[in-house]
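Novice: Got a structure for you, written out below as structure tokens; questions coming shortly.
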Amino acid sequence: MKTIQHILACSLLAAASWLPLNCPAAAQPSTLRVLFLGDNGPHRPAERFRQLQPVLAPRGIELTYTDNLRDISPAKLAGFDALAIYANITQLPAEREQVMLEFVAGGGGLVPIHCASYCFHDSPKYIELVGAQFQRHGAGVFRETIVQPDHPVMQGLSAIESWDETYVHTKHNTNRIVLAERRDAEGAEPWTWV
């Protein structure tokens, strides 16, 4: 449980530290508004939201929870700086896919967390945007290896050692920057990337 909280918090804090670097100084928001898309699945994203929201709010990250795909709409996303996804939703309707792609192309942030790499099997564009697709996992204790310690997203973060699901991905995108890896007997698996 603590590991998932740590990963979620670090992912959203990293997004907060990264997004302003792309904005002109006058346009830097004092609050980062994030729509947090979850589901009713086994990762219990609504619970994670309730744990993270009060911790991130004082740091200028305002989370709003939804488990409704219809909220991936131009009207709803217009009020947000980023879309965080922590869900196991297998299908992405074409109209929602287009809205998400346009949101990101227009400068909106996308923060796919953990099981989000398992989402939307029917959308090659989403998989490409995320950077890889979940293939399988085991479980065990591992130590993260930071491979890009000087990257702005990694500033102030240290490697974690914890029990977690040991995700293995497929359909790896070649235009991403891997920031951290999980190294084990199978080799080095990208763990965190932008």
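The values are calculated or read from the model by the stated rules, or taken from the named source; none is laboratory data. Here the structure is a predicted model, which is why all the values come from computation and not from measurement. As a convention, Cβ positions derive from the backbone with ideal geometry for all residues, glycine included, and neighbour counts pool all protein chains shown. Remember, those area values only see protein heavy atoms, side chains included, never the ligands or the DNA or RNA. Shrake-Rupley method; radii C 1.70, N 1.55, O 1.52, S 1.80 Å.
Novice: So residue 83 clears everything in (1) at pLDDT below 55; (2) within 15 Å of the chain's Cα centre (by Cα) except one condition, right? Which one?
Specialist: Of everything listed in (1) at pLDDT below 55; (2) within 15 Å of the chain's Cα centre (by Cα), residue 83 misses just condition (1).
Condition check ((1) over 17 Å from the mean Cα position of the chain (by Cα); (2) loosely packed, with under 14 Cβ neighbours inside 10 Å; (3) within 26 Å of residue 37 (Cα to Cα); (4) at pLDDT 90 or above) across all residues:
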{"position": "112", "(1), (2), (3), (4)": "no, no, yes, yes"}
{"position": "122", "(1), (2), (3), (4)": "yes, yes, yes, no"}
{"position": "139", "(1), (2), (3), (4)": "yes, yes, yes, no"}
{"position": "154", "(1), (2), (3), (4)": "no, no, yes, yes"}
{"position": "177", "(1), (2), (3), (4)": "no, yes, yes, yes"}
{"position": "183", "(1), (2), (3), (4)": "yes, no, no, no"}
{"position": "194", "(1), (2), (3), (4)": "no, no, yes, no"}
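Novice: Residue 130 - would you say it is under 22 Å from residue 37 (Cα atoms), in contact with a Leu (Cβ under 9 Å, 6 or more places away or on another chain) and β-branched (Val, Ile, Thr)? Spell out the reasoning first.
Specialist: Details: under 22 Å from residue 37 (Cα atoms): yes; in contact with a Leu (Cβ under 9 Å, 6 or more places away or on another chain): yes; β-branched (Val, Ile, Thr): yes.
In short, yes.
Novice: Under 7 Å by Cβ, and 6 or more places apart or on different chains, what pairs join a residue from region 134-153 that is under 16 Å from residue 164 (Cα atoms) with one that is outside any strand (DSSP E or B) and of a type outside the set (Lys, Arg)?
Specialist: These pairs meet every condition: 134/117; 134/118; 143/159; 144/159; 144/160; 145/159.
Novice: Identify, please: which residue in region 163-175 is touching a residue at least 12 places away in the same chain (Cβ under 8 Å) and open to solvent by 80 Å² or more (accessible area, probe 1.4 Å) and is, among those, farthest from the chain's Cα centre (by Cα)?
Specialist: It comes out as 163.
Novice: Moving to a separate point now. For region 63-79, which positions are under 22 Å from residue 43 (Cα atoms) and either part of a helix (DSSP H, G or I) or open to solvent by 20 Å² or more (accessible area, probe 1.4 Å) (or both)?
Specialist: Within region 63-79, 64, 65, 67, 68, 69, 70, 71 qualify.
Novice: Turning to a different aspect of this structure: Given the options 146, 160, name the one that is of a type in the set (Val, Ile, Thr) and either closer than 20 Å to residue 127 by Cβ or open to solvent by less than 40 Å² (accessible area, probe 1.4 Å) (or both). Break it down stepwise before answering.
Specialist: Numbers: 146 fails: either closer than 20 Å to residue 127 by Cβ or open to solvent by less than 40 Å² (accessible area, probe 1.4 Å) (or both).
From the options 146, 160, the qualifying one is 160.
Novice: On to the next question. Do we have any residue at all in region 80-102 that's open to solvent by 40 Å² or more (accessible area, probe 1.4 Å), out of contact with any strand residue (DSSP E or B) (no Cβ under 7 Å at 6 or more places or on another chain), acidic (Asp, Glu) and in a helix (DSSP H, G or I)?
Specialist: Within region 80-102 (the criterion being open to solvent by 40 Å² or more (accessible area, probe 1.4 Å), out of contact with any strand residue (DSSP E or B) (no Cβ under 7 Å at 6 or more places or on another chain), acidic (Asp, Glu) and in a helix (DSSP H, G or I)), the answer is yes, since at least one residue qualifies.
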